[in-house]
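For reference, the structure discussed in these notes is given below.
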Amino acid sequence: MADAGVTLKGRIVMQQCLSARLQVKPPTDEEEGEYVEVNRGAVIYICFLKGADISVVEKMAKTTLTVRLSETGNGKFISILDLPGDVLVVPQATLGGKAKGKMMQYHSNIAKDEGLELYNAYIEQCRKMLNEHSKWKEAGCTLKHGTYGNRQVLRIDTNGPFSHYFEF
């Protein structure tokens, strides 16, 4: 988490899900849209801010995969690794917005090319951590992700609005 007086480098909202479906390529006149789907697990919305660099990626991945937010049948909270559950990562530039009057401004967001590089690094760091965890790997869980820089359509089923916000 970001400390007082430290420049924020990123924001994440993490939500428990029963299932989720994300459009990663919109339909055209010639082709149907493309989607990725996950089952029980977590949806991670991620935004990188100006000043972010590769040094924040590992911390973001470690936090999101090890924080105990997934509820078990007996009410105990465990990490997505220990559940184990699927992971869907959604790029969410709007998390960098700030209200100014009646409008939203996104002056704090990182440049698109830098954001894409960090987003891809975050996906790879998560993939590495997940694949190193035997319980997650043995359960056949999946990591899916959205397309950086595109508008995407999301459908999510949850067992309650169970969302958490992190700043880095």
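The values are calculated or read from the model by the stated rules, or taken from the named source; none is laboratory data. None of these values were measured; they are calculated from a predicted model. Neighbour counts run over all protein chains shown; Cβ positions are idealised from the backbone, glycine included. Just the protein is used for accessible areas: all its heavy atoms, side chains included, with ligands, DNA and RNA removed. Shrake-Rupley method; radii C 1.70, N 1.55, O 1.52, S 1.80 Å.
The set of residues in the stretch 93-119 that are out of contact with any Leu (no Cβ under 6 Å at 6 or more places or on another chain), surrounded by fewer than 18 Cβ atoms within 10 Å (Cβ to Cβ) and not in a helix (DSSP H, G or I) comprises GLY97, LYS98, ALA99, LYS100, GLY101, LYS102, MET103, MET104, GLN105, TYR106, HIS107, ALA111. When LEU22, LEU8, LEU83, LEU88 are checked against the criterion of being under 26 Å from ASN131 (Cα atoms), hydrophobic (A, V, I, L, M, F, W, C) and modelled with pLDDT under 95, a single residue qualifies: LEU83.
Pairs meeting the criteria (first residue in the stretch 47-60 and open to solvent by less than 50 Å² (accessible area, probe 1.4 Å), second residue in a helix (DSSP H, G or I) and among the aliphatic types (A, V, I, L, M), beta carbons under 7 Å, at least 6 apart or on different chains) are CYS47/ALA93; CYS47/LEU95; PHE48/LEU118; ALA52/LEU118; VAL57/LEU118; VAL57/ALA121.
Checked against the criterion of being surrounded by fewer than 19 Cβ atoms within 10 Å (Cβ to Cβ), hydroxyl-bearing (Ser, Thr, Tyr) and closer than 27 Å to THR158 by Cβ, the candidates THR28, THR66 yield just one match: THR66. Any idea how many residues of the stretch 51-75 are polar (S, T, N, Q) and in a loop (DSSP other than H, G, I, E, B)? Final tally of qualifying residues: 2.
Across the stretch 31-40, what is the total count of residues that are open to solvent by less than 30 Å² (accessible area, probe 1.4 Å) and either modelled with pLDDT under 95 or assigned to a loop (DSSP other than H, G, I, E, B) (or both)? Residues meeting the conditions: 1.
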